[in-house]
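Bear in mind these aren't lab numbers, they're just calculated from the coordinates by the rules spelled out. Because the structure is a prediction, the values reported are computed rather than measured. We place every Cβ from the backbone using ideal geometry, glycine too, and count neighbours over all the protein chains shown.
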Amino acid sequence: MNLRHTFYTSGVDRIAEWTDEEMGKLLKYSAFDGGEELWKNLQQNLANYINDPVNGGEANAMKPTTEKVDYETLVDVLNGKKLLSALKCDD
């Protein structure tokens, strides 16, 4: 049997409190540091598991895509005040 599957993962990163942002400025550290690496590692680890001869599969980790949107615009879209196209994402 030859089956093909595509796995998709999505996530949203957002600082929860103004204090987190201010502390990041003081410490020169962002709450988002390392986030993209986390997603890349997740993909690569899944591909490695599937490609292991014991599992008998074949997999490739695809290049991640990132979209950054304005938070206020996102809130307006979610509240029905603006159209989804206002987010200006490629897809």
Problem - Label-point separation, Leu84 to Thr9 (7 Å along Cα→Cβ), nm - result: 2.4
Problem - Separation of the Asn45 and Ala61 label points, Cα + 7 Å toward Cβ, nm - result: 1.0
